[in-house]
Amino acid sequence: MTKQQNLVESIAVLALVSVMVLIGNQAGFDNNIIEALPGMAILLLLCIAGVATNMFVFKKIPSVLFVITYGVIVSLPGFPLSETVNAYVAKVHFLALTTPILAYAGVAIGKDLETFKKSGWRIVIVSTFVMVSTYIGSAAIAQSVLKFMGDI
Amino acid sequence: MNEAVKNVKLHLVVLALVVVSELIGIVTFKVGPGKLVLLPMLYAMFIGIFLGPKFFKIVKEKDMFQASTLVGLTLLLLMARYGTLVGPKFYEILKAGPALVLQEFGNIATLVIGVPIAMYLGLKREAIGAAHSIAREPNVALIGDIYGLDSAEGRGVMGVYICGTVFGTIFFGLMASFLAAFEIFHPYALAMASGVGSASMMTASVGSLSAAYPAMAEQIQAFGVASNTLSGIDGVYMSLILALPMSNKLYNYIYKLKYKTAPEAV
């Protein structure tokens, strides 16, 4: 498969999911499809830019990193048109973007259900430790630095 | 991926899941100091799981496999939106003090504690996905990009992501009240620790702390929001550069101790 085909296919998938997000965004969050269209198009363009950077420029760095970074840049105060960008993307609710992802993930998980059943309770235990340790780890560092700086 | 794009049935099934789930909407239950939150994405996933050949027989093996090849890509749209949530607050964060910046490294505690515990419980590569971070959206997307979400690492990160989404707010609300009551940490330190890259977890924690220390509420909220935005910015970089390599090293080390043989190469 050539790179160009690969990019075209990625764009096709992203566009397809964008349509689903627009529909879900209307159904769940009362954001009109037409009004949300420009914001969705901006998000789509950011993704395409991120995927293309990963495909053609920095092949070893995951596209996720580029997509987030581009998203930050175009919405930075002072970046050309950032206020317009922010106003448009605000019409696309964050949670409306999560639903199609988890729908695909759910269908996909169906095939690994046995494995999930086996490891499920272990993962639940691990999650509690993960949440406690990040909280206490960060609090301990913050506490020491604040003490050291004489702020508390 | 070619075949997956053209699988019209799969996309229609997903669209139906999306519409049904969004129409049900967000359901919250008040539990103690926090809330149990059920989001449309959880219904979509839950129903999706049972569409397979063993239950409703709506999708076949082939559809399930093709769905798994698409998840990583669909996550990118969410990440683009995520970036635009962080951007507008970027300069405010630059002004944050050293305590606020340095406490971000406390997030590495997840892997130091989590990987050994996960492996003690018998998990293998799932441990990397589950414990390398607190498994919010950017971490899920990163693991999906590097290992694929249908890999062992992917199952780990998805598992913790889902637990965090359902129980995270209650958990953070309780944890904050509990630690505030013990008075080991200053409320400002706890406020800074509240931001882990999830607005709902941060809100729950900051809510509990403000209730415990009403006189400091304003400062607590400012620290919480700032640290949460900071985690949003550095989370994916921290995972890629620091947390994932460290998790892999720790994993290999414990693997040799536990199973007396080198782990199979990944």
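Each value in this text was obtained by applying a stated rule to the coordinates, not by laboratory testing. Fair warning: this is a prediction, and the values are worked out from it, not measured in the lab. All Cβ positions, even for glycine, are placed from backbone atoms using ideal geometry, and neighbour counts span all protein chains on display.
Tabulated values for the structure
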| quantity | calculated |
| --- | --- |
| Top of B:E153, B:E183, B:E218 by mean-square fluctuation, Gaussian network on chain B, Cα under 10 Å | B:E183 |
| Region B:73-172 shape via C-alpha gyration tensor axes, a/c threshold 1.5 | oblate |
| Folded to 0 to 90 degrees: helix B:61-86 orientation relative to chain B principal axis, Cα | 30 degrees |
| Dipole magnitude of the protein assembly as shown, debye to nearest 20 (Cβ charges: Lys/Arg +1, Asp/Glu -1, about Cα centre) | 1080 debye |
| Size of electric dipole in chain B: Cβ of Lys, Arg +1 and of Asp, Glu -1, about Cα centre, debye, nearest 20 | 640 debye |
| Calculated P(r) of the protein assembly as shown - Cα pairs past 32 Å, % | 34 percent |
| Across B:K30/B:K89; A:K117/B:K54; A:K60/B:K260, pairs whose alpha-carbon gap is larger than 23 Å | B:K30/B:K89; A:K60/B:K260 |
| Among B:L10, B:L76, A:I73 the positive-end extreme of the charge dipole of the protein assembly as shown (Cβ point charges) | B:L10 |
| Chain B - convex hull of the alpha-carbon atoms, volume per residue in Å³ | 159 Å³ |
| Helical mean residue ellipticity (222 nm; -39500 (n - 2.57) per DSSP H run of 4+; nearest 500) of the protein assembly as shown | -24000 deg cm²/dmol |
| Kirkwood hydrodynamic radius (C-alpha pairs) into Stokes-Einstein, region A:111-152, 25 °C and 0.890 mPa s, D in µm²/s | 194 µm²/s |
| Taking B:T203, A:T84 and counting other C-beta atoms within 10 Å, the order from fewest to most | A:T84, B:T203 |
| Distance (nanometres) between label positions extended 7 Å along Cα→Cβ at A:F116 and B:I184 | 3.5 nm |
| Shielding by other protein chains, A:56-65, mean Cβ within 10 Å | 5 |
| Burial ordering of B:D145, A:D112, fewest other beta-carbon atoms within 10 Å first | A:D112, B:D145 |
| Global geometry of region B:1-124, whether rounded, prolate or oblate, following the gyration tensor of its Cα atoms and the 1.5 cut on a/c | prolate |
| For chain A, convex hull of alpha carbons as volume per residue, Å³ | 214 Å³ |
| Signed unit charges on C-beta, dipole axis of region A:111-152, positive-most listed residue A:S119, A:A140, A:F129 | A:S119 |
| Rounded to 10°, Cα long-axis angle of helix B:40-49 versus longest principal axis of chain B | 30 degrees |
| Among A:V8, A:M40, A:F58 - extreme Cα towards positive end, dipole of region A:3-92, charges at beta-carbon | A:F58 |
| Exposure proxy order (Cβ contacts within 10 Å, fewest to most) of B:L23, B:L78, B:L102 | B:L23, B:L102, B:L78 |
| Tilt relative to chain B, helix B:244-259 - C-alpha long axis, 0 to 90 degrees, to 10 | 70 degrees |
| Axial C-alpha extent at least 24 Å, average Kyte-Doolittle at least -1.0 - helices from chain A (DSSP) | A:3-29, A:33-52, A:113-149 |
| Region A:3-92 shape via C-alpha gyration tensor axes, a/c threshold 1.5 | oblate |
